[in-house]
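Below: the structure, in structure tokens.
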């Protein structure tokens, strides 16, 4: 279960981090604007990208020890930086912004969903490069389990945002909620970074 739990934790940490996609999905949930279709599309996109990272990049990294070490150090460095950014965000605080324009038709809404999902360069860095590099530290069966954990985290997160939209919106307008969420992301990223460094030093 360790690869699944690590994949779940890392996937959750990267996906839950505040971003345009999450704000958009939450807004659609609050407004009940094709919210189920929006969540489904986000889940499918994340699953495809995570799967590509775990099977493609992960396999390539696993087959080359030197590349694996470089990827592990790079992943640890990025996760440490990511955790630091979340830590600083927790110190600053924030609030949910709901001014984004939403589509009135299903087609328009889904196009906006693809825009906030696929036009964000961080989604490729998170799902393909980082998830793929970290998954490369596991053997083939465990690597896929790691990816499955990340997909489950993504699925649960988007379902929560969508179905709990009206309940969560007032909560996410509070500064303390963002501080707590960013703090949790920070701890998750730093814990995984420490685990990567430990595995490198004990290889």
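Only the coordinates and a few stated rules stand behind these numbers; no lab work does. These figures come from a predicted structure and were not determined experimentally. All Cβ positions, even for glycine, are placed from backbone atoms using ideal geometry, and neighbour counts span all protein chains on display.
If each residue of separation counts as 0.36 nm, what is the full-extension length gain between residue 60 and residue 44 once their alpha-carbon separation is subtracted?
Values: separation 16, 0.36 × 16 = 5.76 nm, distance 2.36 nm.
Between residue 60 and residue 44, full extension yields 3.4 nm more.
Just report the Cα centroid separation between region 28-50 and region 153-203, whole Å.
18
Helix 2-16 versus the longest principal axis of the chain: what angle, 0 to 90°, nearest 10, using Cα atoms?
40
If each DSSP helix of 4+ residues adds -39,500 (n - 2.57) and the sum is divided by the residues in the chain, what number results at 222 nm, nearest 500 deg cm²/dmol? If you can, show how the numbers build up before the last one.
Values: 11 runs with 159 residues, N = 203.
So the calculated ellipticity at 222 nm is -25500 deg cm²/dmol.
Which length gain, in nm to one decimal place, applies between residue 171 and residue 184 when the Cα-Cα distance is subtracted from 0.36 nm times their residue separation?
Details: separation 13, 0.36 × 13 = 4.68 nm, distance 1.63 nm.
Using 0.36 nm per residue and subtracting the Cα-Cα distance, I get 3.1 nm.
For a Förster distance of 25 Å, can you work out the FRET efficiency between the beta-carbons of residue 88 and residue 125, rounded to the nearest 0.05?
Working: r = 19 Å, r/R0 = 0.75.
Efficiency computed from Cβ-Cβ geometry: 0.85.
Nearest 10 degrees, 0 to 90: what angle lies between the long axis of helix 35-52 and the longest principal axis of the chain (Cα atoms)?
Helix 35-52 sits at roughly 10 degrees to that axis.
Looking at the square roots a ≥ b ≥ c of the eigenvalues of the Cα gyration tensor of region 164-203, which shape do they give, rounded for a/c under 1.5, prolate if a/b is larger than b/c, or oblate? Provide the component values of the computation, followed by the final result.
Working: a/c = 9.21, a/b = 3.56, b/c = 2.59.
It is prolate, given that a/c is not under 1.5 and a/b is the larger ratio.
Quick check on packing: order 146-153, 182-189 by the mean number of other C-beta atoms within 10 Å, highest mean leading.
Values: 146-153: 24.1, 182-189: 20.5.
The packing order, highest mean first, is 146-153, 182-189.
In what order do 133, 80, 199 fall by count of nearby beta-carbon atoms within 10 Å, going from fewest to most? Can you show the working numbers first?
Working: 133 25, 80 17, 199 14.
Ascending number of Cβ neighbours within 10 Å: 199, 80, 133.
What is the extension gain from residue 118 to residue 5, computed as 0.36 nm multiplied by their sequence separation minus the C-alpha to C-alpha distance, in nm to one decimal? Don't skip to the end; give the middle numbers.
Working: separation 113, 0.36 × 113 = 40.68 nm, distance 2.62 nm.
Length gained between residue 118 and residue 5: 38.1 nm.
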